[in-house]
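Since the structure comes first, as structure tokens, the remarks are kept for the end.
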Amino acid sequence: FKTEQYVEMVLTYVRMEDMSGDLMLKEYALDNLIKQALKKYSRMFAMQKLALHYEALRVTVTTDEKWLVFVLEQILSNAIKYSGENHAVTIHINRNEADNTCEFVISDQGIGIRKEDLPRIFEKGYTGYNGRADKTSTGIGLYLCREITKKLGHGIMITSEIGKGTDVTIVFERNNLDVRD
């Protein structure tokens with residue numbers, strides 16, 4: 001599984017350089033994309049005894065399915081890797097009418113990211129304290145996430161607190177969004 005993950009990351013890195021020819025922007029139900037990523041990592045959730053808190057979001061976004069699912073998989077992979085047993089991963093959205101955006105958030109209760117590492121986590125090759133301690137981190141996953149979301153017209157940001165966990169937020173602009181209540 002890990003070998004497949006690393007090969008996929010390398011292939012994505014190579015393809016990303018000229019991904020504009022590979023983009024298929026359409027409207028997708030965000031729940032369907034989330035379920036694709038969750039299916040891939042369901043065994044890892046079970047092995048790690050992680051709870052998943054997720055209810056249907058009922059949001060349609062304009063994006064590229066393949067590229068956004070890759071981003072979701074990277075975020076889930078990190079949440080699983082840096083969470084201890086019997087913790088939880090939460091998936092939810094924050095609707096922000098004031099600035100016309102919708103924030104999609106994956107939160108974990110893991111070890112968190114040091115404050116001094118946060119400004120550099122999207123840099124290519126940067127692994128930070130946790131990555132150096134883990135010894136298997138490549139420093140490419142979050143870099144790819146940022147580059148892909150940028151090319152898709154989405155934002156990405158991370159907040160974290162040591163010992164409490166990490167929130168990864170993907171921001172969808174309202175013109176790329178259809179919210180169904």
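Can you spot a residue in the range 63-73 that is modelled with pLDDT under 95 and open to solvent by 40 Å² or more (accessible area, probe 1.4 Å)?
Yes: the range 63-73 contains one or more residues that are modelled with pLDDT under 95 and open to solvent by 40 Å² or more (accessible area, probe 1.4 Å).
Could you tell me how many of the residues in the range 54-63 are of a type outside the set (Val, Ile, Thr) and in contact (Cβ under 8 Å) with a residue 40 or more places away in the chain?
Count: 2.
Residues checked against (1) in contact with a His (Cβ under 6 Å, 6 or more places away or on another chain); (2) in contact (Cβ under 8 Å) with a residue 24 or more places away in the chain; (3) open to solvent by less than 50 Å² (accessible area, probe 1.4 Å):
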site: Met19; (1), (2), (3): no, yes, yes
site: Leu25; (1), (2), (3): no, yes, no
site: Ala29; (1), (2), (3): no, yes, yes
site: Gln36; (1), (2), (3): no, yes, no
site: Leu52; (1), (2), (3): no, yes, no
site: Asp99; (1), (2), (3): no, no, no
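Exactly one condition in (1) open to solvent by 50 Å² or more (accessible area, probe 1.4 Å); (2) farther than 24 Å from Ser137 by Cβ is false for Ile93; which is it?
All conditions pass for Ile93, except number (1).
Return the residues of the range 151-175 that are at pLDDT below 85 and loosely packed, with under 15 Cβ neighbours inside 10 Å; say none if nothing qualifies.
Arg174, Asn175
Please tell me if Ile148 is under 13 Å from the mean Cα position of the chain (by Cα), crowded, with 17+ Cβ neighbours inside 10 Å and at pLDDT below 95.
Yes: the conditions hold for Ile148.
The values are calculated or read from the model by the stated rules, or taken from the named source; none is laboratory data. Values in this document were obtained by computation on a predicted structure and should not be read as measured data. All Cβ positions, even for glycine, are placed from backbone atoms using ideal geometry, and neighbour counts span all protein chains on display. These accessible areas exclude ligands, DNA and RNA; they are computed on the full protein's heavy atoms, side chains included. Shrake-Rupley method; radii C 1.70, N 1.55, O 1.52, S 1.80 Å.
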